[in-house]
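Below is one structure, written out as structure tokens; comments come after it.
The values are calculated or read from the model by the stated rules, or taken from the named source; none is laboratory data. The model shown is predicted, which means the values in this text are computed figures rather than measured ones. Note that we place each Cβ from the backbone using ideal geometry, even for glycine, and neighbour counts take in every protein chain shown. Remember, those area values only see protein heavy atoms, side chains included, never the ligands or the DNA or RNA. Shrake-Rupley method; radii C 1.70, N 1.55, O 1.52, S 1.80 Å.
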Amino acid sequence: MNQQTDMRRSWPDTAVVRSAQAGDVAAISVLVEGAHPHVRRFAMSLCLSEQDAEDATQEALVILYRKIGTLRATGALASWMFTIVRNECVRRWSLSRRHVLAEVTDLPLRTSSSAEEAALAGIEARLVSAAIAELPPDQRQVLLLRDVHGYSGRTVAKHLGLSLPAMKSRLHRARAALRAALADSA
């Protein structure tokens, strides 16, 4: 294995981190390039989509570039970067979830021919949205990823770290709880 390949597999050494903290532009470039594969791999394992992972990676590397001087301990670089990526993936998932719930609330469930039907459809949508919001977090997460976002069962299971049967079981419980909640509100 050559030195360049070895460099891509390991984090930049302490001397590079210290130089980058001191403002050395060349060291910052080496640091960003060295951190990129690790940050990207972590983002790909955590974010819902490849695009979100790419965006989270870029955001983390921009923060690294801008704020390396604020890192107190050079040994904490990996932990700091992974925290930034995790927070960015969670932020993106949260924004996506709010956007989907807003769409569910704002759009009628069926085409209406009168103002009365439109109002009833809006009420229905709000009831569904409220019922989803009341589900336990693990059930809500599976239901949103599978039924609202339309991800495949395998993708949802992989993202949540579940076996496919466990994901299906959780989804079944979420759908049953949603049906029960909507039946109670009727």
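Restricting to region 73-86, and then to whatever is of a type outside the set (Gly, Ala, Ser) and more than 15 Å from VAL32 (Cα to Cα), can you tell me which residue is surrounded by the fewest Cβ atoms within 10 Å (Cβ to Cβ)?
First, the residues of region 73-86 that are of a type outside the set (Gly, Ala, Ser): 74, 77, 80-86.
Of the ones still in play, those that are also more than 15 Å from VAL32 (Cα to Cα) are 83, 86.
Values: THR83: 12, ARG86: 16.
Top of the filtered list is THR83.
Restricting to region 135-173, name every residue that is within 20 Å of GLU50 (Cβ to Cβ) and among the basic types (Lys, Arg).
Those that are within 20 Å of GLU50 (Cβ to Cβ) and among the basic types (Lys, Arg): ARG146, ARG154, LYS158.
Would it be correct to say that GLU59 is acidic (Asp, Glu) and over 10 Å from the mean Cα position of the chain (by Cα)? Talk me through it step by step, then tell me what you get.
Details: acidic (Asp, Glu): yes; over 10 Å from the mean Cα position of the chain (by Cα): yes.
For GLU59, the condition - acidic (Asp, Glu) and over 10 Å from the mean Cα position of the chain (by Cα) - is met.
Using the structure shown, decide if ALA183 is in a helix (DSSP H, G or I) and open to solvent by less than 50 Å² (accessible area, probe 1.4 Å).
Working: in a helix (DSSP H, G or I): yes; open to solvent by less than 50 Å² (accessible area, probe 1.4 Å): no.
Judged against the criteria, ALA183 is not a match.
If you go through region 55-72 one residue at a time, how many are open to solvent by 50 Å² or more (accessible area, probe 1.4 Å) and farther than 24 Å from HIS149 by Cβ?
Looking only at that region, the number is 7.
From the list ALA125, ALA133, ALA102, exactly one residue is at pLDDT 75 or above and either of a type outside the set (Ser, Thr, Tyr) or open to solvent by less than 40 Å² (accessible area, probe 1.4 Å) (or both). Which is it? Lay out the reasoning, then the answer.
Working: ALA125 fails: at pLDDT 75 or above; ALA102 fails: at pLDDT 75 or above.
Within the list ALA125, ALA133, ALA102, the selection yields ALA133.
For the list (1) under 21 Å from MET44 (Cα atoms); (2) surrounded by 15 or more Cβ atoms within 10 Å (Cβ to Cβ), I need the number of the one condition that LEU164 fails.
The number of the failed condition is (2).
Taking the conditions exactly as written (out of contact with any helix residue (DSSP H, G or I) (no Cβ under 6 Å at 6 or more places or on another chain), surrounded by fewer than 19 Cβ atoms within 10 Å (Cβ to Cβ) and more than 28 Å from VAL148 (Cα to Cα)), does ARG41 satisfy them or not? Give the steps one after another, and end with the answer.
Values: out of contact with any helix residue (DSSP H, G or I) (no Cβ under 6 Å at 6 or more places or on another chain): yes; surrounded by fewer than 19 Cβ atoms within 10 Å (Cβ to Cβ): yes; more than 28 Å from VAL148 (Cα to Cα): no.
Here the answer is no, as ARG41 does not meet what is asked.
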